[in-house]
Structures are given as structure tokens and as C-alpha cells.
Amino acid sequence: MEETKHLAHGFDVAAIRRAAANLDDGAVTEGYQADREAVIAMLNDALATELLCVLRYKRHYYTVSGPNTGHIKAEFLEHAQQEQDHADRIAERIVQLNGSPNFNPATLTARSHAEYDDSDDVQAMIRADLIAERVAIESYRQMIQAIGDRDPTTTKMLTDIMAVEEEHADDMRDLLA
Ligand SMILES: [Fe+2]
Ligand SMILES: [Fe+2]
């Protein structure tokens, strides 16, 4: 009585196997609790935000100049690379959810929550980056609250990314004159 034994441990193995049956859905099974389309839409907003942050930090990294800006330049580069990593993780998650990651540059600025910045002054760059980080933190917080425990994999990924954005905001605040 294999079935009874499993049920005794609190698992309905037959139901689990039924929920797993549609192989075309890949990682998304019948028991997926969240609104998949809504999660994909939120993740695409986050992807646009991260891609825009890569561009802003790269622009700051390549153009920053002036005495004693070496450590600031290094910080801009590190942040650009970490924003790219966030974009990659988010795009991969969208695909796992059977969605389509939107990399369209024509609509990127409109879809991003954070803004681009082409300041020439180093302190103006840092201020723009700090604002963008605080925007990112707040939008991740809202996404995490909206999804809750209905998609734990996505919530965990967003929580991990948000923790890095909090480090970024702290780094930028430390560089404010
Ligand atoms: Fe990021
Ligand atoms: Fe960031």
C-alpha cells in the first residue's frame, strides 16, 4: 500500500503526480499559486529597470573624472556588473514562468522605474544613482508584498536582489559629499 504510506506522511502523491503531468509547462505546475501573467509583467518592469541601471552606471563609470575619483569609478563598475547579474536572473525567471523577457530598447526608458542620468559632475552622478537605488528598493518591496508566499522562488530571488540594492544605496550614500 504505497499510496496509503505516502498519505500517512501528509502527501497526496497521486495529486502531486497529476499536477506535474503537463510536461510542456516546464517548471510551472498546476499547483502554481500566483497570477503568472501578473508576476511576468512585474518581472519585465524589473528587467527594464535593471537594464537601465546597467546603462546609467556604465555611463558614469566611463565618464567620471576629476581628482580622487578612482574609488568612485570602481564602485560604479561593480554596481553596473551587479545590475547586469540581476537582469540576467530576472530574465531567466521570466522564461521559467513561460513568459517572454522584454529587451526592446525602444520602450526601455518608459518601462523602467528608475531613470537614466547623464550628469557630468561626480556628485550629481552619485545623487542620481542613490535616487535610482531607492526607487529600486521600493519597487522590489512592493513586488515582494504583491507576490507574497504564492511564488516562493520568485519572492526569494527578489528578496536577494533587494538586499544588494540596499547595499548599493548605502555605498552611494557613503560617497555623497
Ligand atoms: Fe539591481
Ligand atoms: Fe542597484
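Look at the alpha carbon pairs under 8 Å that are at least 6 residues apart: their mean separation over the length of region 1-111 gives a relative contact order of 32 percent. For the chain, the mean residue ellipticity at 222 nm estimated from helices alone is -23500 deg cm²/dmol, where every DSSP H run of n ≥ 4 contributes -39500 (n - 2.57) and the total is divided by all residues, rounded to the nearest 500. Quick check for you: with a 1.4 Å probe and neighbouring chains kept, what is the accessible area per residue of the chain, in Å²? That works out to 57 Å² for each residue. Taken over the C-alpha atoms, region 12-125 has Rg and Dmax values of 19.4, 68 angstrom. For helix 122-147, what angle does its Cα long axis make with the longest principal axis of the chain, in degrees from 0 to 90 and rounded to 10? Between helix and principal axis, roughly 10 degrees. The length gained on full extension between Thr153 and Tyr116, counted as 0.36 nm times the residue separation minus their Cα-Cα distance, comes to 10.4 nm.
Mind checking the log10 I(q)/I(0) for region 92-174 at q = 0.14, 0.19, 0.22 Å⁻¹? Debye, one equal scatterer per Cα, no solvent, two decimals. Reported log10 I(q)/I(0), two decimals: -0.60, -0.98, -1.15. Taking only protein heavy atoms and a 1.4 Å probe, the accessible area of the chain is 52% carbon and sulfur.
Taking every Cα-Cα distance in region 38-100 and sorting them into 10 Å bins from zero, the calculated P(r) comes out as 24, 39, 22, 12, 3 percent.
What's the FRET efficiency of Ala74 with Glu166 using the Cβ-Cβ distance as r and R₀ = 25 Å, to the nearest 0.05?
After rounding, the FRET efficiency stands at 0.80.
The values are calculated or read from the model by the stated rules, or taken from the named source; none is laboratory data. Source: prediction; values computed, not measured. Cβ: placed from backbone, ideal geometry, glycine included. Neighbour counts: every protein chain shown. Keep in mind that these areas ignore ligands, DNA and RNA; they rest on the heavy atoms of the full protein, side chains included. Shrake-Rupley method; radii C 1.70, N 1.55, O 1.52, S 1.80 Å.
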